[in-house]
Amino acid sequence: MRTWQDIASAVAEGVRLTAEDALTLWQEAPLWRLGELAVARKREVSGDKVYYNRNFHIEPTNLCVFNCKFCSFRRTKGSAEAWDKTMEEIEAQVREYEGRGVTEVHIVGGVHPEHDIYYYCDMIRRVKAILPQVAVKAFTAIELSYMIRKAGLTTEQGLRLLIDAGMEAIPGGGAEIFDEELRAKICPDKGSTAEWFDVHRTAHRLGLKSNATMLYGHIESVEHRIDHLMRLRQLQDETGGLNAFIPLKYRNFGNSMSEIGEVSVVEDLRTLAMSRLILDNVPHIKAYWVMYGKQTTEMALAFGADDIDGTIDDSTKIYSMAGADDSRPRMSVEDMCAMAERAGFRAIERDTFYNEIEK
Ligand code: V47
């Protein structure tokens, strides 16, 4: 077995990590060295830039046919905390962003038992009618797979309908952890790993870009995380369709795995750095500030992240319901620029496709 020092030197020269070497590096290299290697890799891709965007989320419903053990967001029908927004409510939310320079709307929610793919196509059309210049990044692979199968369509047919309605990119959610045995424990009834890959692979073939996530810090081991990242690296070798990878730290408030606790910030930084090093073919590693909180996000920039997500404007509840620092997450452009500068980088506004926005 090679030492972590040998592996680090090889990585610095651009050698691709094997699963075995990744494990040694992850477990044995000191934190500062992982940061050094990951930032050097980040610089090859995005120089001294750190990306952010002006975005908001629509969470149409928190009713869900699935019952994932880590989820703090889901409510059952009849609960006082359940919601299922009407189209008029969604349109009213979207109208608030007219003329405000927003470039992306992220639409994700529970997998509703009744709404079908035609309902979601209508939703996208209504959003685009109000904000035509805004990119619609919509629905996790699990929501997509469910609505497409329920309509009796193939993945390609379903995605084509949504693309015709105006869907332009797919967010990374629903990936959780790809290992099938673990998935059966933390989200037994949820759409499978195979479904997640089928949706993303088909989307890439149709020319859509997508993101990928990994839910970590629960019952998985470092080996499971490496397996997850290797499967994504393989997909990216095949299709090149992934824009960004987003490690999502399990937050333990208000769900049925709360007794597990949360991993340390040091573990977050190791996971970010190792994601950057293993995923040598995915251009962007996103430190999602809503989930990490602002302080860890700033530190993440010293561990290979080059994207912090966006302004959000208090439009998502998934993380505040799971115990994240900000109960009403919003960040100004000035604060995002200041954060990037303090970390020694230059903040660049981007659109969904990482085109830079001219000032
Ligand atoms: O798939 C749910 C995660 C994801 C918890 O693509 C939890 O740009 C931690 O995917 N603790 C949805 N995580 C969010 C998501 C996302 C977020 C921001 C940007 C993008 C992007 C995608 O949230 C779910 C699940 O993995 N999640 N509950 C929890 N208690």
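The values are calculated or read from the model by the stated rules, or taken from the named source; none is laboratory data. Just so it is clear, the model here is predicted, and its values are computed rather than measured. Cβ placement follows ideal geometry from the backbone for every residue including glycine, while neighbour counts extend to all protein chains displayed. What goes into the accessible areas is simple: the full protein's heavy atoms, side chains included, and nothing from ligands, DNA or RNA. Shrake-Rupley method; radii C 1.70, N 1.55, O 1.52, S 1.80 Å.
For beta carbons closer than 8 Å, sequence separation of 6+ or different chains, a first residue in the range 150-179 that is over 22 Å from Phe353 (Cβ atoms) and touching a residue at least 12 places away in the same chain (Cβ under 8 Å) and a second that is among the charged types (D, E, K, R) and within 16 Å of the ligand (Cβ to nearest atom), the qualifying pairs are Glu176/Arg183; Glu176/Lys190; Ile177/Arg183; Ile177/Glu220; Ile177/Arg225; Phe178/Arg231; Asp179/Glu220.
When restricted to residues that are open to solvent by 10 Å² or more (accessible area, probe 1.4 Å), under 18 Å from the mean Cα position of the chain (by Cα) and within 13 Å of the ligand (Cβ to nearest atom), the range 214-228 contains 2. Within the option set Tyr51, Tyr119, Tyr97, being open to solvent by 30 Å² or more (accessible area, probe 1.4 Å) and aromatic (Phe, Trp, Tyr) holds for one residue only, Tyr119. Filtered by the rule that a residue be farther than 25 Å from Ser258 by Cβ and more than 12 Å from the ligand (Cβ to nearest atom), the range 270-298 gives Ala273, Met274, Ser275, Arg276, Leu277, Ile278, Leu279, Asp280, Asn281, Val282, Pro283, Glu298. Which one of the conditions (1) surrounded by fewer than 16 Cβ atoms within 10 Å (Cβ to Cβ); (2) more than 21 Å from Trp83 (Cβ to Cβ) does Pro113 fail to meet, given that it meets all the rest? Pro113 satisfies all of (1) surrounded by fewer than 16 Cβ atoms within 10 Å (Cβ to Cβ); (2) more than 21 Å from Trp83 (Cβ to Cβ) except (2). Can you say whether Val282 is within 15 Å of the chain's Cα centre (by Cα) and assigned to a loop (DSSP other than H, G, I, E, B), as far as the supplied structure shows? Yes, satisfied. The residue that is nearest to the chain's Cα centre (by Cα), counting only those in the range 236-257 that are open to solvent by less than 10 Å² (accessible area, probe 1.4 Å) and aromatic (Phe, Trp, Tyr), is Phe245.
Of Ile260, Ile278, all but one fail to be touching a residue at least 40 places away in the same chain (Cβ under 8 Å) and either under 15 Å from Tyr51 (Cα atoms) or open to solvent by 50 Å² or more (accessible area, probe 1.4 Å) (or both); the exception is Ile260.
For the range 1-33, the set of residues classified as of a type in the set (Ser, Thr, Tyr) and open to solvent by less than 40 Å² (accessible area, probe 1.4 Å) consists of Thr24 only. Of everything listed in (1) open to solvent by less than 40 Å² (accessible area, probe 1.4 Å); (2) part of a helix (DSSP H, G or I); (3) over 24 Å from Met331 (Cα atoms), the single unmet condition for Glu91 is (3). Give the residue, chosen from Arg54, Arg16, Arg43, that is touching a residue at least 24 places away in the same chain (Cβ under 8 Å) and under 30 Å from Glu341 (Cα atoms). So the residue among Arg54, Arg16, Arg43 that is touching a residue at least 24 places away in the same chain (Cβ under 8 Å) and under 30 Å from Glu341 (Cα atoms) is Arg54. Among the residues of the range 329-337, not a single one is under 24 Å from Ile278 (Cβ atoms), open to solvent by 30 Å² or more (accessible area, probe 1.4 Å) and away from the ligand (no atom under 14 Å from the Cβ).
Of the residues that make up the range 201-210, is at least one under 28 Å from Ala302 (Cα atoms) and either within 12 Å of the ligand (Cβ to nearest atom) or buried (at least 23 other Cβ atoms within 10 Å of the Cβ) (or both)? Give the derivation first.
From the range 201-210, those under 28 Å from Ala302 (Cα atoms) are 209-210; that's our starting set.
Then drop every residue that is not either within 12 Å of the ligand (Cβ to nearest atom) or buried (at least 23 other Cβ atoms within 10 Å of the Cβ) (or both), which leaves 209-210.
Within the range 201-210 (the criterion being under 28 Å from Ala302 (Cα atoms) and either within 12 Å of the ligand (Cβ to nearest atom) or buried (at least 23 other Cβ atoms within 10 Å of the Cβ) (or both)), the answer is yes, since at least one residue qualifies.
Return a yes/no flag: does the range 123-137 have any residue that is touching a residue at least 60 places away in the same chain (Cβ under 8 Å), more than 15 Å from the ligand (Cβ to nearest atom) and over 20 Å from the mean Cα position of the chain (by Cα). Checked the range 123-137: at least one residue is touching a residue at least 60 places away in the same chain (Cβ under 8 Å), more than 15 Å from the ligand (Cβ to nearest atom) and over 20 Å from the mean Cα position of the chain (by Cα).
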